[in-house]
Amino acid sequence: MKYTFNQEKWTWFDFDEGDEEKVKELVSQNSNCGEWFENIIDRKANLLNLNTEIRGEEYIWGSLIYQQDIEDKGEKNIFHFYIRKDFFITVNFDFSIIDASPIGVQKQMDQAENGIEGFFILLGEILSTYLQKIDGYEERLHNLLWEMKEQNNLKILERIYENRHELLIWKNLVVPIVEIKFIAEEAYGQGIHENSEFNRVETRVERIRMLLSEYQQAIDTMINLEEVVSTHRGNEIMKTLTVMTILFTPVTAWGAVWGMNFKVMPELEWKLGYLFAGVLIIASTAGLYYYLKVKGWMGDILKVKKKNRFFG
């Protein structure tokens, strides 16, 4: 599809994936597009290149992954682009993915001075969609923060790492757009900053990077907290097992003594031998418990835990 803007000052050629013949025809009319077309065929990864051979006719081309499923590595959307001042080309760009209507975007483009500004309008809409989806991510992260306190278990830890994985995916989506921003500055100099759409993209990129950085710190803090809680609980479990082993030592020891099969064992003939053995075992156990309590080695392992506590 061909769109002209701003009283036909510049053009946007938008092709679907199946429009290969139409793209070839356009490429044949613009010799500089040949290298771009050869490199985008079956391209499934990000690509960015710049040509500055002729001053005033610089052009940028490449491929951009602008959507990635967080569960399936192969489920992603990529489009290919070629940008010049008098026109830009996109191949396989799906408008349904971004939260903007084609008509609204075209109205914005009709105010753009050239194809470079028009392309940055498109990037701005992609970033706007990212910001809306990141708002949803922020809400899920906030809910997870409180669930971690209310019900801290392995399932919560799994969700924390799922959120961390999603955050990395967002970062991987934003980094190529940051590179496009830098390469535009390289191609067109500081004058590009006079372009309002470029500045809008730059601001949205910084917003997204700031948000992702803050969320990264929040997730790292949650993971560190989980590690502290897990370590504490592990220590409490080991301490409890150790104390229980010590407390049952008298039972084990005296049971072993009176389980021997020696012929001469005076205790077997005592009338009150059974009672004596029971009292001795209880007294030994109580003595050990008192000793551990005085030393402060019992800690709070026998205390009732409260709900909604990290260390409960």
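Per-residue ellipticity at 222 nm computed for the chain from its helices equals -20000 deg cm²/dmol, with DSSP H segments shorter than 4 residues left out and the rest contributing -39,500 (n - 2.57).
Taking only the alpha carbons of the range 143-206, we obtain Rg and Dmax values of 18.8, 54 Å in that order.
Across the range 161-312, Cα-Cα pairs farther apart than 23 Å form 67% of the total. For Glu139 and Asn224, what does the FRET efficiency come to when R0 = 22 Å and r is the distance between their Cβ atoms, rounded to the nearest 0.05? After rounding to 0.05, the efficiency reads 0.45. Taking N as the residue count of the chain, its C-alpha radius of gyration divided by 2.2 N^0.38 Å amounts to 1.79.
Panel order for Leu50, Leu26, Leu123, Leu272, by other beta carbons found within 10 Å of each beta carbon, from fewest to most: Leu272, Leu50, Leu26, Leu123. Determine the alpha carbon to alpha carbon distance for each of Lys24/Lys181; Lys2/Lys107; Lys73/Lys171; Lys76/Lys155; Lys9/Lys107 and list only those over 20 Å. Going by Cα-Cα distance, Lys24/Lys181; Lys76/Lys155 fall outside the 20 Å limit.
For the options Ile60, Ile281, Ile97, a Gaussian network treatment of the chain with springs between C-alpha atoms closer than 10 Å singles out Ile281 as fluctuating the most.
Annotation: aspartates and glutamates with alpha-carbon distance below 19 angstrom to Lys149 (same-chain offsets under eight excluded): Glu138, Glu139, Glu158, Glu162, Asp220, Glu226, Glu227, Glu236.
Three principal axis extents describe the C-alpha atoms of the range 1-147; from largest down they are 59, 33, 29 Å. Hydrophobic long helices, here whole DSSP H runs in the chain with Kyte-Doolittle means of at least 0.0 and Cα atoms spread over 15 Å or more along the helix axis, are found at 154-188, 273-295. If Lys and Arg each add +1 and Asp and Glu each add -1, what is the summed charge of the other residues whose beta carbon sits under 12 Å from the beta carbon of Leu26? Local net charge: -2. Placing unit charges on the Cβ atoms only, positive for Lys and Arg and negative for Asp and Glu, gives the chain a dipole magnitude near 2880 debye about its Cα centre.
Of Tyr137, Tyr3, the sequence from fewest to most neighbouring Cβ atoms within 10 angstrom is Tyr3, Tyr137. Relative to its Kirkwood radius, the Cα radius of gyration of the range 63-128 gives an Rg/Rh of 1.00. By other beta-carbon atoms within 10 Å, ranking Val175, Val201 with the fewest at the front produces Val175, Val201. Considering only Tyr59, Ile134, His80, and ranking their Cα positions along the charge dipole of the range 2-227 that arises from unit charges at the beta-carbon of Lys, Arg, Asp and Glu, the one farthest toward the positive end is Ile134. Please give the Cα centre distance for the range 2-21 versus the range 114-150, rounded to the nearest Å. Each part's Cα centre sits 28 Å from the other's.
Any chance you could check the Cα centroid distance between the range 25-48 and the range 171-216 for me, in angstrom? A separation of 24 Å, based on Cα centres.
FYI, it's all coordinate maths here, none of it is from the lab. Computed from a prediction, not measured in an experiment: that's the story for all the values here. Reconstructed Cβ throughout: ideal geometry from the backbone, glycine too, with neighbour counts over all protein chains shown.
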